[in-house]
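Worksheet for the structure shown next.
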């Protein structure tokens, strides 16, 4: 295929996509001349180019369509639902031929006579169309527009070259023919289309492969930066330079990542059409609301959620929203609402598909699951409503009474979940009987860089994606025998009363390493949840969490199945990225419906009760706690760096003065000792509101989570103390550290020097 | 195929720089030599992208026997094939050299003890694999050049490609 044809295909497909969007909008605003000319332009362009390239079949079809659209644009015809249906069929016809061209290079020898005839018939109904314009206003508009053609009608001229605000000029009249149609739907597009036109002028088509390469290189830069940051931490004059490198790298990474981002409207835009078709097929009346279409997502992820999202929408249409009669009987608006909403929440994009339909009947789900043998009746009776809802994610589950060709073939929600989890996302479901259902897809912003926990096994580092990780449990060697229970060779751990199957990473990777591996060392259980499977992966060491850049593996190594890629750590070492779901499969961990959600709630309750994490420090033989969220860093500095303003110890950090609290008398004590040269002291640098303060301590002991203490009798939370490892520990009051005297006349630094 | 033709074909793959014709019956080729245990191996230099020294590849548990591990190479993660493992020799503890080779599926690394000098060999000295060579080696080797007092065993990068080895395993 030559370049010209390829260019033509891309251009035409874009044109047709635009036409599709406009057509569904047109149904709502049949008089919108902007829309009409947009559609006309798309078809016209195709016709023009096909003539040039010699695609006769395409040209003929496009020409017939153009004639019809010309009449519409000139206001001689009004876009009634039959005409729009005809135009949609034209669109499908053109697309079909284009795909033949793409595959074979020729346009095939199909017959379009029926479609062309239909389009011709539609052109011959101007009289009827005239009748369809019930109000004077519409007629007026049509007359006006035919006069001022091809310029925009006066009424619509906005002060700027920007787009006239569309709804203002659209008469309400078309509502009448619309209501008569079996289904009506509205796409509330909030994005001003003027912006879209402007954007197309300032954008450039870039090869995705090139972008991938750029992303790869930026990833490389990120890794090199990490290494440089680690290497230069000791050199003062390099610190500034490396910090700048850090900033530039972060910015660059963000921009390249942005270049791969596309608005979700690219996927959302096909739903008005799907809903239109489905509502006619299923005899539903549905209004489509879309929100947050400008939310952006990585291109590859956008592709990946297309199918799950379509599936979810079909499900909502088929099982969620009831037929109008049923809705009316239930006292609801006969027209159902389907809402697509996208928004960003920290490093995730949430896409919600919600309907105000019947909701999911929990009893039905329960009955079906038992019928299909997915769960035993006894087990089902024990499950809570929330857990029962999760059953619909099991493979082979479908509640549709009859198999329709829309949904109900037993593949459904499990596919949605699998697809979303494949890209590191999560699916959540909420349903209220009689009120509706909300399906929430939680998608990571990008796949190229993922947060991961670095775990160690047998001296080798592996990266474990954070997405699947729910918690970590430490099993010290002395607790090994008690904590890890064996059931005929199957290791288990009792996690809050439930048995959690364990998989020893070492045993899996080295295959067959005696029984009871790792008996004499520290073990860490990473509790993983993936594909509805829940298990604990036992590793022998943990390192820091890192943002890792995923590098693909060669196919030989990919076929092992346990690794999704490899990455380079900040230390420069390579680490393989583990794939939790294949580990689960290989270990034979079954789908479980263990009280995941119940536990999750419990967890959050416990977290709330437990309160925050604390850094446990020791000063003057006493333990004290500092809220971990306040700790900025821990410094080990030579005593000589501590200076004094009067009696107050201060530290000069890169030109900034830091008051040091010496409650334990550590500095004083150290200063009195003369037997040791170059004494080192430990200072915990903390944040207190906007200022930073230092705490001189003897040693940093641990990080522990503390729980709040209630005052006996009053049930009030006690301030200033926390329960750490079952000991009452006092929490350091940072705001109690005296502020430095700062006067307008002296710079603080100068003051300190003077005193010295 | 005669011995001569095979040698010519091999050398002809190189460009003008690596091949000089003396007369019609002889072509010269440049070969990077690699000493491993008792044997001197050779890899045609036109297949070598780069030689990375002092590498310690990261092992990949559960990988096929011949995989020597992973190394970080120019922003990508390179799969290496260990020549020692291929030949069933014991692993070496010390850092090794990696020949980065180009294959149809992309690049891969050939892990060897140490890279030696580049030799110029003549097609006249080329001989096919002897028939008594065991099956495993016959698949890997691409004949040998008779040098003064020793043999230079040729390795064909195409045959060392992990994809191909993986399919054969």
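Determine whether residue A:252 is in contact (Cβ under 8 Å) with a residue 12 or more places away in the chain and in contact with a helix residue (DSSP H, G or I) (Cβ under 8 Å, 6 or more places away or on another chain). Criteria met by residue A:252.
Taking the residues in the stretch B:37-57 that are out of contact with any strand residue (DSSP E or B) (no Cβ under 7 Å at 6 or more places or on another chain) and not in a strand (DSSP E or B) as candidates, determine which candidate is nearest to the other protein chains (Cβ to nearest Cβ). Result: B:56. Check the stretch A:696-706 and report whether any residue there is closer than 17 Å to residue A:734 by Cα, modelled with pLDDT of 80 or more and not assigned by TED's automatic domain parsing to the domain that holds residue A:233. The answer is yes; a qualifying residue exists.
When A:263, A:272 are screened for being in contact with a strand residue (DSSP E or B) (Cβ under 7 Å, 6 or more places away or on another chain) and over 21 Å from residue A:336 (Cα atoms), only A:263 passes. Only one entry of A:407, A:384, A:346, A:354 meets the criterion of being under 27 Å from residue A:286 (Cα atoms) and modelled with pLDDT under 80, and that entry is A:407. Of the residues making up the stretch A:578-591, those that are closer than 19 Å to residue A:505 by Cβ and more than 10 Å from every other protein chain (Cβ to nearest Cβ) are A:578, A:579, A:580, A:581, A:582, A:583, A:584, A:585, A:587, A:588, A:589. Using the structure shown, decide if residue B:34 is within 18 Å of the chain's Cα centre (by Cα) and either within 13 Å of chain A (Cβ to nearest Cβ) or crowded, with 17+ Cβ neighbours inside 10 Å (or both). Here the answer is yes, as residue B:34 does meet what is asked. Would you call residue A:31 touching a helix residue (DSSP H, G or I) at 6+ places or on another chain (Cβ under 8 Å), assigned by TED's automatic domain parsing to the domain that holds residue A:58 and over 25 Å from residue A:99 (Cβ atoms)? When the stated conditions are applied, residue A:31 passes them. So which of B:28, B:49 is surrounded by 12 or more Cβ atoms within 10 Å (Cβ to Cβ), more than 20 Å from residue B:160 (Cα to Cα) and modelled with pLDDT of 85 or more? Just a single option satisfies the conditions, and that option is B:28. Number of residues in the stretch A:559-577 that are at pLDDT 85 or above, more than 7 Å from chain B (Cβ to nearest Cβ) and more than 25 Å from the chain's Cα centre (by Cα) equals 1.
Here residue A:234 meets the list (1) modelled with pLDDT of 85 or more; (2) not assigned by TED's automatic domain parsing to the domain that holds residue A:413 almost entirely, failing just condition (1). Within the stretch A:486-495, the set of residues being out of contact with any helix residue (DSSP H, G or I) (no Cβ under 8 Å at 6 or more places or on another chain) and either surrounded by fewer than 13 Cβ atoms within 10 Å (Cβ to Cβ) or modelled with pLDDT under 85 (or both) comprises A:486, A:487, A:488, A:489, A:490, A:495.
Restricting attention to the stretch A:215-234, the residues being within 14 Å of chain B (Cβ to nearest Cβ) and more than 15 Å from residue A:551 (Cβ to Cβ) number 2. Scanning the stretch B:58-92 for residues that are part of a loop (DSSP other than H, G, I, E, B) and within 14 Å of chain A (Cβ to nearest Cβ) yields B:59, B:60, B:61, B:62, B:63, B:64, B:65, B:66, B:74, B:75. Here is the figure for the stretch A:541-558: residues that are surrounded by fewer than 19 Cβ atoms within 10 Å (Cβ to Cβ), at the interface with chain B (Cβ under 10 Å from one of its Cβ atoms) and touching a residue at least 12 places away in the same chain (Cβ under 8 Å) total 1.
Yes or no: residue B:119 in contact (Cβ under 8 Å) with a residue 12 or more places away in the chain and within 11 Å of the chain's Cα centre (by Cα)? Answer is no for this residue. In the stretch A:324-338 there is at least one residue matching the filter, namely being modelled with pLDDT of 85 or more and under 26 Å from residue A:16 (Cα atoms).
Please verify whether residue A:604 is more than 14 Å from every other protein chain (Cβ to nearest Cβ), farther than 30 Å from residue A:729 by Cα, under 27 Å from the mean Cα position of the chain (by Cα) and modelled with pLDDT under 80, treating the condition exactly as stated. Answer is no for this residue. The set of residues from the stretch B:91-110 being modelled with pLDDT under 85 and under 16 Å from residue B:64 (Cα atoms) comprises just one member, B:91. If the condition is being at pLDDT below 90 and under 13 Å from residue B:111 (Cα atoms), then the stretch B:34-46 contributes B:35, B:36.
The values are calculated or read from the model by the stated rules, or taken from the named source; none is laboratory data. Computed from a prediction, not measured in an experiment: that's the story for all the values here. Cβ: placed from backbone, ideal geometry, glycine included. Neighbour counts: every protein chain shown.
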